[in-house]
Structure formats: structure tokens, C-alpha cells
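Student: Please see the structure below; I have some questions.
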Amino acid sequence: MDYVRRFYISSLLHLTFYSGFYLIYLQSLSLSKSQIGFLIGLSLILVALFEIPTGVVADKISKKTSVLLSKILLIPGTLLLYLANSFWHVLFATIFNSLAVAFLTGAETGWLYELLSRDGRRDEYPKIYGRLRAFEMAGSFLGATLGGFMARLSSMKMAILLSVPFTLMSFLIVLTIPSDIAKSRLPYGYHLIETFRFLRSSRVLALLFAYASLIGLSLASFTSFMQLYFYEFMPSILGVSWLSGLYTLINGISWYVDVGENRRKVLYVYSPILIPDLTLLAGLSSWFGFLTLVLGSLLFAQAFKEWQRVFQGAIPDDKRATLGSFYSLFASLINGIYISILGTIFGKIGIRAGLVVVSLMFLGAGLVVRKHVPME
């Protein structure tokens with residue numbers, strides 16, 4: 001079987017049956033909105049703290065090893081979440097899961113890009129990257145929809161526990177994919193210094209970091225608390241789980257479908273304006289939330305695929321995972337701080353009113369950033 005298909009299957013098998021009701025599960029443990037926002041923000045900050053050491057592991061040892069470690073660490077994280085009955089238990093689960101994410105980010109895409117480059121298939125990367133994310137979303141869709149049924153027929157805890165076997169299957173598929181061979185020969189410290197110098201000297205990378213963070217934060221204003229947003233509108237765990245599943249299905253289709261290079265570039269340029277417009281509509285009316293869910297996913301996927309093409313083409317093979325980790329560190333810190341603040345804002349003035357306020361801020365920033373989007 002072609003290694004690209006094995007990447008797809010591994011992503012598909014990454015099922016988390018609790019993804020559709022995760023925030024409701026935390027709420028059932030008597031966690032407040034502020035605590036939930038803190039945990040979401042903390043998970044992103046922890047990912048940021050773990051990013052650089054895990055990125056260096058990927059560049060100096062093996063990107064494949066880094067991805068395998070990610071799969072293994074998800075198992076204790078899931079079991080801790082299953083056993084949780086307080087804020088502190090969820091906190092420990094968050095630490096394991098954050099470390100798992102850190103080992104995956106940068107390593108998986110860098111590994112895939114290197115394999116494609118070795119086979120002379122570099123130009124296929126945006127499409128394959130999009131489809132990799134599509135299979136991941138398909139797995140999330142199955143997890144969310146089936147998990148909602150499991151929670152209704154049995155319990156939310158049982159749905160969490162049943163995620164573990166699928167993580168193991170994903171791990172076994174990853175084992176069969178060819179290893180990467182491009183490794184940094186520099187000592188740990190020198191590798192970090194040289195990578196940082198490369199990043200600091202590249203104006204294009206600085207602009208790319210800023211662009212991706214802007215559109216990501218803008219959409220996260222809606223998606224981070226989407227389950228609670230719709231739960232206020234339709235208070236049903238099954239309904240919210242199905243809606244979460246619908247979101248991942250739309251997301252998967254958005255990543256899988258490629259609108260073509262020219263249209264991708266247009267959406268890439270205008271997304272910093274279009275995405276805040278959509279989140280603003282969600283703040284004005286709950287019915288507009290469905291429109292934001294659909295169009296926001298479509299816009300972000302196409303824009304980010306084009307961003308990946310520019311980003312991966314701007315960095316060398318032996319620094320790819322570490323630079324990817326530098327980006328993830330930057331994005332996680334910004335997202336973590338932002339979502340923690342957002343949880344407090346939503347707790348005080350409500351989710352819809354909060355969306356109106358932050359969307360207007362991002363719309364102003366998007367008008368400025370759009371003029372400086374790097375195309376190559």
C-alpha cells in the first residue's frame with residue numbers, strides 16, 4: 001500500500017469518541033466556564049512549552065519516532081480523562097494530551113513533505129496535506145457522531161474509554177510507513193541556535209506566522225466554545241454531538257476538496273477579512289452560527305492549504321520539524337492566552353455578545369494584514 005494511503009488510514013483511525021461532548025463532560029464534572037477556558041488555554045500553552053524539545057527530537061532522531069511517541073502518549077491521557085472526577089484529574093489528562101500533540105505537530109507534516117520530495121512529488125503536497133486533514137476530520141466526524149450515541153446509550157465515560165483501541169490501531173499503521181532520513185548533524189544547542197537565526201532572518205516566515213495566527217484566532221473565537229454556543233440554543237447532548245460531527249464532516253470535505261491554485265490564492269488573501277465577518281454574524285444571531293460553521297470551515301481550509309505550500313517551501317529539510325515546532329509554539333502561546341481570556345469574556349457578557357466584540361477587533365486587524373500577505 002502506498003505510504004500516503006497509510007498516512008490517511010492512520011489519521012482516520014484517530015477516533016476520539018468524546019470529542020462531540022468534551023466541554024459538556026467537563027461541565028458535568030462541575031467545572032465552570034472559566035475553568036474550562038483555563039484548561040483549553042493551558043493545553044495550548046503546554047503544547048507551546050513542549051514544542052521545541054519535541055521538534056528537535058524529530059529533526060535529530062526521527063520524525064517517525066516523534067509521531068509514534070505522540071500516539072502512545074494519548075493512551076494514558078485518555079485513561080486519565082476517563083477516570084476524572086475533578087478539575088485536577090482533568091488537568092493531569094491535559095498534560096499528557098498536550099505532550100502528545102507537541103510530538104505530532106511539525107513532525108507529521110515534515111515527514112510527509114520529505115517523503116514526497118524524495119519521490120519527486122513535492123507539487124502534490126498541498127492536495128495531499130488537505131486530504132490528510134480530511135481523513136483526520138472524517139475520523140473526528142465518526143468519533144463525534146458515534147460517541148453521542150454511546151453517551152446516550154451508556155455513559156460519556158464509556159465513550160471516552162472506547163477511544164483507546166483505535167489509538168493503538170493508528171499507532172500500528174504508523175509503524176509500517178517508511179522512515180525519514182534527513183536529520184540535523186548539529187549538536188542540540190547549535191541546531192536550535194541555527195534554526196532560530198534562520199527564522200529571525202526570514203521576513204517571509206515572520207509574516208506567515210502572523211497571518212496564520214490571525215485567521216486561526218479569528219475562527220477559534222467561534223469554534224473553541226461552539227459546543228456551549230449551540231447548547232444554549234438547543235440543550236441536547238445528542239444534538240450537540242451531532243452538530244459537532246456535522247462540523248467535522250464539513251471540515252473534512254473542506255480539506256479534501258481543492259478549489260485550484262488560483263482560487264486558493266484569492267481565498268488566502270481575503271480570509272483575514274472574510275472569517276471575522278462570519279464570526280460577527282454568529283454573534284448577531286444563533287441561526288447565523290450554522291452559516292459560520294459551514295463557510296468558516298471552507299474558507300479556513302483553502303487558505304491554510306495555500307499557507308502550507310508557502311511555508312513548507314520556505315524552510316530546509318533538516319530544520320523542518322523544528323521550524324514547524326517554532327510556529328506551533330508561537331500559535332499555541334497566542335491561542336492559549338487568547339482562549340483563556342475569551343473564556344472570561346464569555347463568562348461575563350455571554351458568548352454571542354463576546355463574539356461581536358472580538359470579531360470587530362479581528363476585522364480591523366484583517367484589513368491591515370491583507371495588504372502584506374506573502375505569496376511565495
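The values are calculated or read from the model by the stated rules, or taken from the named source; none is laboratory data. Everything quoted here is computed from the prediction, not taken from an experiment. A quick note on method: Cβ atoms are made from the backbone with ideal geometry, for glycine too, and the neighbour counts reach across all protein chains shown. These accessible areas exclude ligands, DNA and RNA; they are computed on the full protein's heavy atoms, side chains included. Shrake-Rupley method; radii C 1.70, N 1.55, O 1.52, S 1.80 Å.
Student: Post the alpha-carbon centroid distance, segment 216-232 to segment 8-24, in whole angstrom.
Tutor: Segment 216-232 and segment 8-24 have Cα centres spaced 18 Å from each other.
Student: Residues of the chain: accessible area per residue at 1.4 Å, in Å²?
Tutor: On the way: 15410 Å² over 376 residues.
Accessible area per residue: 41 Å².
Student: Where a Cα-Cα gap under 22 Å defines reach, which lysines qualify for Lys348, not counting those fewer than 8 residues away within the same chain?
Tutor: List returned: Lys33.
Student: To two decimal places, what compactness ratio does segment 334-376 give when its Cα radius of gyration is scaled by 2.2 N^0.38 Å?
Tutor: Working: Rg = 13.3 Å, N = 43, 2.2 N^0.38 = 9.2 Å.
It is 1.44.
Student: Name the lysines eligible as straight-distance cross-link partners of Lys71: C-alpha to C-alpha under 22 Å, and not fewer than 8 places from it in the same chain.
Tutor: Qualifying lysines at Cα under 22 Å: Lys60, Lys63, Lys157, Lys183.
Student: Give me a comma-separated list of calculated 3J(HN,Hα) values for segment 13-21, in order, Karplus coefficients 6.51, -1.76, 1.60 applied at θ = phi - 60°, integers in Hz, x for any Gly or Pro.
Tutor: Values per residue, Gly and Pro as x: 7, 7, 8, 10, 5, 9, 4, x, 9 Hz.
Student: Specify which labelled value, from (i) 54, 46, 37; (ii) 61, 44, 41; (iii) 68, 61, 38, agrees with Cα extents along the principal axes in Å derived from the coordinates of the model shown.
Tutor: (i)
Student: Here's a follow-up. Give, as a single signed number, the net charge of other residues whose beta carbon lies under 15 Å from the beta carbon of Glu261, with Lys and Arg counted +1 and Asp and Glu -1. Can you show the working numbers first?
Tutor: Values: positive: Arg122, Lys127, Arg263, Arg264, Lys265, Lys305, Arg309; negative: Asp123, Glu124, Asp258, Glu306, Glu376.
Taking every other residue near Glu261 into account, the sum is +2.
Student: Mind jotting down the distance between the C-alpha centroids of segment 250-313 and segment 38-97, whole Å?
Tutor: With segment 38-97 and segment 250-313 each reduced to a Cα centre, they are spaced 28 Å.
Student: To make sure I understand the rule: partners must be lysines, Cα under 16 Å from the Cα of Lys371, and not fewer than 8 residues away in the same chain. Which ones qualify?
Tutor: Those lysines meeting the cut-off are Lys265.
Student: While we're here: Could you size up the charge dipole of segment 1-156 around its Cα centre, putting +1 on the beta carbon of Lys and Arg and -1 on that of Asp and Glu, and report it in debye to the nearest 20? Please list the in-between numbers first.
Tutor: Values: 14 positive and 9 negative charges, 38 e Å.
About 180 debye.
Student: Highest first, please rank the peptides 58-65, 27-34, 77-84 by the mean number of other Cβ atoms sitting within 10 Å of their residues. Could the numbers behind the result be given before it?
Tutor: Details: 58-65: 21.6, 27-34: 14.8, 77-84: 19.4.
The packing order, highest mean first, is 58-65, 77-84, 27-34.
Student: Pop the C-beta distance of Val259 and Val368 into the FRET formula with R0 = 25 Å and round what comes out to the nearest 0.05.
Tutor: On the way: r = 26 Å, r/R0 = 1.03.
It comes to 0.45.
Student: Relative to the compact-globule scaling 2.2 N^0.38 Å, provide the ratio for the alpha-carbon radius of gyration of segment 223-376.
Tutor: Working: Rg = 16.8 Å, N = 154, 2.2 N^0.38 = 14.9 Å.
Against the empirical 2.2 N^0.38 Å value, I get 1.12 for segment 223-376.
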